[in-house]
Each structure stands twice: as structure tokens, then as C-alpha cells.
Amino acid sequence: MINILDSSQQSKWKQYVERCDDYDMYHTWEYHKISQNNKEGTPILFVYSNKDKLIVFPILVREIPDSSYKDATSCYGYVGPISSGILTQADILHFQEAFLTYCHQENIIAVFSRLHPLLPQESILNNLGVITENSLTITVDLKQTLQEQRAHYRKSTKSEINKLRRIASIQWVTPTQENIDSFMSIYNENMKRVAASDYFFFSTSYYQSLLNATEFNTKLAFVVLEGERIATSLFTFCNHTIQYHLSGTRNTYLHLAPVKMIIDEVRLQGTQEGFLNFHLGGGTGLDQQDPLFRFKRAFSKKETIFKTFNLVVNHSVYDDLCDKALRLTQTIDKNYFPRYRAVFK
């Protein structure tokens, strides 16, 4: 049986997601509603069910400018399909056929999804589109003892955290406007320093929605040194997994790397609360020497591959749109998918 849910069906969306063997905050109705309010697309939950077996695939559907067609993408983060039960090849084939039929009916010509590095998703998508290995991500295995976890820390990281704990403190705060403004001030300073695109400068309402969500828990922390908030981080807690979502450090204090102390504290809390994984994510690109990746690599040796899923549903229309985009600009990124979207970046 096939069900198509939209953003008006929160209760059913929540029920289907929670029936799956595993999921993360990126699959929830609330996170998709936040993405919709952030003008990223219209949330759809595509559901295949067969008795006790289930495949759930959340996407964001977008209008393609100057055309009658649409495409689909995933929320910012790690999404992809989730499932329950022991799926047979027939189940997967029926899901794929039904998903293609839905795309054709809705004039969706291409689908892109970032996949979740900690969830088994490839078998559901194999032979439907193209799965590409991208960069590595880092996870702290919270199933290990605290001592085993810390043994994987880089030696210099242990020393830096010990020093930070002597001179600074961690402040966990409630989502007041003052605290959100303080977070944004530090985070935006960080984004300007690394010349981030406009996409990564989120609105106040985005943070309010994250921090007030009920389908997952978002925590906001600051590092305080001599009465000044010098660094900040947002973490999400959902099901079995903690995600290191957003963070920033005042330029003046970058040499201290104060966020390390917050990450260490979340590791301790998460283990005590029974979470299984603390996913730190990856770097800003494919280079393993990228400073952000090296920063995260200092906490764990557990590496997982971040993959993406690309599907061209209607090749002729897709090619026409790519040709049209190429006439508008001669410098389209051939690795961008869908390629015609490169002109809208």
C-alpha cells in the first residue's frame, strides 16, 4: 500500500517515522516543517507498507523556475529512506516502482537526497538511481565506556579540554530571545569569517523552531570565559542519535578552540542518558585535511562515509533544462545535482 503525506498530516507522519527500526531528527515532521518555513520546499512523506514492513522516504518538493516541472531534494542534514521489518527484494522493487510512478504523476523530473551515514539505506535505493560516495563523517560511539571513548581522543585534544575546564565554564540556556540573539551573533561572526553562503545565515524563527521542537530535543550551550560568551553550539537529541548541528566561536578566541569543551560535555551527557551515537559530521569538502574535519577527527577514529542519492526521472526534460541553464551561464558545475539548479545557487 502507498500513502503520500503532506505537512498538514503531522500525527500520521510521526506515527510512520516512529514505526521504523531507526530514524533521526532529520526524518521528523517538525524538522521538515522548519525547512518548509525556511523556503526549502514542500514536505512530502512517501510511504510504502506491506503488513509489518515499511519504507518511509521524506522529501522536499520544489517548483523549477520558468517551467511546469518540479524536482525533489532533502532537508539540510542527513535524510534518505528509513524502514522497518525484513524487506524482501519484492518489497524494494514495489517501493521503487511506486515512487517512480508518483514522480511521473507529479511532474517531478529529478530527486536528490543526502543519505544518513549511520542508517542502512543503500539496499532500498540500489538500481533506482545513482549513489555517490562523498566525504567522511566522524561519530563518537557512545556504546563504549567513557574511558574507551576518551582513549580515541587526540592527545593534544585531551590537554586542551583539561585546560579549558580550568579557565572556562559551560552554560546551558533556555531558548529566550536574548540567548538566541547571543547565539546568532557568535555563529554569524563565524560564518562571515569562513565566507559561508547566504543559506547558512538562518533567521531567528529558524532557531526558535529548532529549540522549541517536541519531536526531538535541541540544546543550546555557551562557553563562558571571564563573564564573556566566547563560543556556542546547538545539538539535537533524537531517538538513538545526537547530532552536532551548528556552532561558532568568537574570532578573538579561536586559538583556544573552546567548542571542544562543549563536545566533550555532550559526550558525557549522551552516554549517561543512553544515546548510542554522537555524530559530529564531516568537513566543508572532500579533503580530509580540511580544518573542520581534522577538528572533528580529534574526538574519534570511527569514520563513516557520507553518500548522496541522485535520480533522473525524466531524462529528456532534465537534459533540456540543463541545456537551457548552460545558455544562461558557461560555468555550470558538472558535479552539482540537479545540474540545472547550479544557476540558482
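Ranked by the mean number of other Cβ atoms within 10 Å per residue, highest first, peptides 261-268, 55-62 order as 55-62, 261-268. May I ask you to list the lysines whose Cα is less than 16 Å away from that of Lys163, ignoring any residue fewer than eight positions away on the same chain? Hits, sequence-local ones excluded: Lys155, Lys260.
Just need the relative contact order of the chain here, percent rounded to a whole number, with Cα pairs under 8 Å and 6+ apart. If you can, show how the numbers build up before the last one.
On the way: 627 pairs, mean separation 72.3, N = 345.
In percent, rounded to a whole number, it is 21.
What does the highest-first list of 26-35, 97-106 look like by mean Cβ count within 10 Å? Can you show the working numbers first?
Numbers: 26-35: 23.9, 97-106: 15.5.
Per-residue Cβ counts within 10 Å, averaged per peptide and sorted highest first, yield 26-35, 97-106.
Give, in nm to one decimal, the length gained when the segment between Asn335 and Ile2 is fully stretched (0.36 nm per residue of separation minus the Cα-Cα distance).
Details: separation 333, 0.36 × 333 = 119.88 nm, distance 3.28 nm.
Taking Asn335 through Ile2 to full extension adds about 116.6 nm, to one decimal.
When only Cα pairs below 8 angstrom with a gap of at least 6 residues are kept, the stretch 2-128 shows a relative contact order of 24 percent. For the Cα trace of the stretch 2-128, dividing Rg by the Kirkwood Rh returns an Rg/Rh value of 0.94.
Each residue of the stretch 173-189 is assigned a 3J(HN,Hα), and the resulting list reads 10, 8, x, 6, 4, 4, 5, 5, 4, 5, 4, 4, 4, 6, 4, 5, 4 Hz, derived from the Karplus form 6.51 cos²θ - 1.76 cosθ + 1.60 (θ = phi - 60°), x at Gly and Pro. The string of couplings for the stretch 16-33 from the Karplus curve (6.51, -1.76, 1.60, θ = phi - 60°) is 5, 4, 6, 6, 6, 4, 7, 7, 9, 4, 5, 9, 6, 4, 4, 5, 5, 5 Hz, one whole number per residue in order, with x for Gly and Pro. How many percent of Cα pairs in the chain exceed 40 Å? Value for the chain (Cα pairs over 40 Å): 15 percent. Rg of the Cα atoms in the stretch 137-305, relative to 2.2 N^0.38 Å, amounts to 0.99.
Shape analysis of the stretch 158-222 yields a ratio of the Cα radius of gyration to the Kirkwood radius, Rg/Rh, of 1.04. Packing around the peptides 144-150, 185-191, taken as the average count of other Cβ atoms within 10 Å per residue, puts them in this order, highest first: 185-191, 144-150. Per-residue Karplus couplings for the stretch 132-148, computed as 6.51 cos²θ - 1.76 cosθ + 1.60 with θ equal to phi - 60°, are listed in order as 10, 7, 10, 9, 9, 10, 10, 10, 8, 7, 7, 6, 6, 5, 4, 5, 5 Hz, Gly and Pro entered as x. From the alpha carbon centroid of the stretch 61-94 to that of the stretch 161-223 is 30 Å.
Read-outs throughout are calculated quantities, based only on the coordinates presented, and are distinct from any laboratory measurement. Given the structure is predicted, the values throughout are model-derived calculations rather than measurements. As a convention, Cβ positions derive from the backbone with ideal geometry for all residues, glycine included, and neighbour counts pool all protein chains shown.
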